[in-house]
Amino acid sequence: MRKQIAAANWKMNLSLQESEALVSDLLKTDYSFTNNQLVLLAVPFPYLLNIQQKISGDNHFSVCSQNCAATENGAYTGEVSTQMLNGMGIGYSIIGHSERRLYYQEDNSTLANKINVSFKYGVQPVFCCGEPLEVREKNAQNDFVQLQLEESLFHLTEVQMTNFIIAYEPIWAIGTGRTATSDQAQHMHAHIRAVIEKKYGNDIATSVSILYGGSVKASNAKELFSLPDVDGGLVGGASLIASEFSEIIKSLKK
Ligand code: 13P
């Protein structure tokens, strides 16, 4: 059974003290987790170890980095490698968030390199895809997202693709308060699964967790997460508020 995942992406927010208080609050709720449910906290690099320490002992919570380098090591000032993450016990990294694509010019082939170094050092990618508004307005979103998947992921082996994690985040829904409708989300998630099925077969496509991201809140999470091909969410703004994010966690499919 594929994983249902509530992933918090704090982006570049919160002081260390605020982030520790937020996690303490999140851990106060009884979520009655099932075995296939997971919470990821994608926190800024400097907080990874503190937050990992805070959640240690809770096997449904894991920390996640928000990015990683495309190269293994060397003279790349300011970068953080997957080898370093692995050495710190960090098992997950977001790769290809639209903000990285936009502000740091990360293209599909750079992201393929990031995926490769992640697998090399045992860090599970949470791969983001999604179209900008102008592509959606031309109704060209399916081909756009398919190309993102093909160019960054489709060199992976069947073993690597099994239980893979993808986040579909339409750029026009990020931080805008404008969530994709249930129809829009389900259509794209089913499309992503169909594209994977065509390349890797049904068993692997069924094992992939596809999260929705873009203005997920406590008030819309239940409806979005109940869709057949939506396996949870990647949450920005609402993940900074304990009462919101704990409701979102509780909205995961059982
Ligand atoms: P918001 O939830 O703030 O729209 O952000 C979504 C996102 O970018 C998560 O990675």
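What the table below lists for this structure:
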item: Potential lengthening between Thr71 and Glu223 on full extension [0.36 nm per residue; Cα-Cα distance subtracted]; result: 50.8 nm
item: Extension reserve of the Ser56-Asn108 stretch, reckoned as 0.36 nm per residue once the Cα distance is removed; result: 15.3 nm
item: Extreme residue, positive dipole direction of the chain, given options Leu156, Ile95, Val208 (C-beta unit charges); result: Val208
item: Qualifying GluC sites (Glu not before Pro) for the range 1-82 [loop in DSSP, other Cβ within 10 Å: at most 16]; result: Glu72, Glu79
item: Computed helical MRE - 222 nm, the chain, DSSP H runs ≥ 4 contributing -39500 (n - 2.57), nearest 500; result: -12000 deg cm²/dmol
item: Magnitude of the charge dipole, the range 72-220, Cβ model with Lys/Arg +1 and Asp/Glu -1, debye to 20; result: 260
item: Contact order relative to length of the chain, as percent, for alpha carbon pairs under 8 angstrom and 6 or more apart; result: 22
item: Mean separation of Cα contacts under 8 Å, 6 or more apart, over the residue count of the range 153-228: relative contact order %; result: 47
item: Label point distance in nm, Asn36-Glu137, each placed 7 Å from Cα along Cα→Cβ; result: 4.0
item: Estimated inter-spin distance, Ala190 and Leu49, nm [label 7 Å along Cα→Cβ]; result: 4.8
item: Cα gyration tensor category, rounded, prolate or oblate, for the chain with a/c compared to 1.5; result: rounded
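A short reminder: the numbers here are calculations on the coordinates, not readings from a lab. Everything numeric in this text was worked out from a predicted model, so none of it was measured. Cβ coordinates were reconstructed from backbone atoms using ideal geometry, including for glycine residues, and neighbour counts include every protein chain displayed.
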